[in-house]
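Readers should treat all values here as calculations from the given coordinates under stated rules, not as data from a laboratory. Note that this is a predicted model, so its numbers are computed, not measured. All Cβ positions, even for glycine, are placed from backbone atoms using ideal geometry, and neighbour counts span all protein chains on display.
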Amino acid sequence: MKSINDLAIWDRDALMSWIFDMEERLFNMKTQQTEVLPMERIPQETRRESYEAVKQDAAARRRVILEILAEHEKGMTAREVSAELHRRGITPTDERNYAAPRLTELYQAGKIKTAGKRLCPQTGRNVAVWAVRG
């Protein structure tokens with residue numbers, strides 16, 4: 001059985017939208033049966049709003065990461081991509097996790113490839129170098 005993480009990002013987005021729609025329908029059915037205070041609905045609404053914002057932000061970040069990798073023919077590590085995102089003012093810090101999930105999604109979509117490995121000066125370990133699939 002597949003997990004949600006095995007799905008392509010677009011399939012994952014579609015599945016999450018479907019889940020939110022079903023939650024909304026169930027919530028509406030429940031509210032027709034019982035009186036629900038407005039405060040009980042707020043967590044569901046803010047959860048949906050957050051998901052929609054992250055979905056749009058992730059798509060935009062994937063596009064920028066592809067541009068960054070295209071500018072660096074020898075490839076870059078996730079930390080290097082994150083540092084470049086921060087340098088361009090796209091992310092508030094150079095934290096690696098601003099780029100790593102998007103790199104995984106781009107790899108799964110066949111847009112980028114691993115182009116070797118490099119020793120990370122911060123961790124002292126070998127890490128993947130990512131490049132645009134040519």
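Listed values for region 122-134 are Karplus-derived 3J(HN,Hα) couplings in whole Hz (6.51 cos²θ - 1.76 cosθ + 1.60, θ = phi - 60°), namely 7, 9, x, 10, 6, 10, 5, 9, 9, 9, 5, 5, x, and x replaces Gly and Pro.
Per-residue Cβ neighbour counts within 10 Å put Met16, Met22 in the sequence Met22, Met16, beginning with the fewest. 3J(HN,Hα) couplings calculated from phi for region 96-109 with the Karplus curve 6.51 cos²θ - 1.76 cosθ + 1.60 (θ = phi - 60°) are, in sequence order, 3, 6, 6, 10, 3, x, 5, 5, 4, 5, 5, 5, 5, 7 Hz; Gly and Pro show x.
What's the angle, to the nearest 10 degrees (0 to 90), between helix 78-87's Cα axis and the longest principal axis of the chain? With both axes taken from Cα atoms, the answer is about 80 degrees.
Only one item in [x] 14.4, 45; [y] 13.8, 37; [z] 19.1, 61 matches Rg and Dmax of the Cα atoms in Å derived from the coordinates shown, and that item is [z].
Around the amide H of Ala115, modelled in the peptide plane, lie the amide H atoms of Val129, Trp130, Ala131, all under 5 Å away and 5 or more residues distant in sequence or on another chain.
Hey, what number do you get for the chain at 222 nm if only DSSP H runs of n ≥ 4 count, each worth -39500 (n - 2.57), divided across all residues, to the nearest 500? Result for the chain: -20000 deg cm²/dmol, rounded to the nearest 500.
In the chain, what is the count of Lys pairs whose alpha carbons are under 20 Å apart, counting only pairs at least 8 residues apart or on separate chains? Lysine pairs meeting the criterion: 4.
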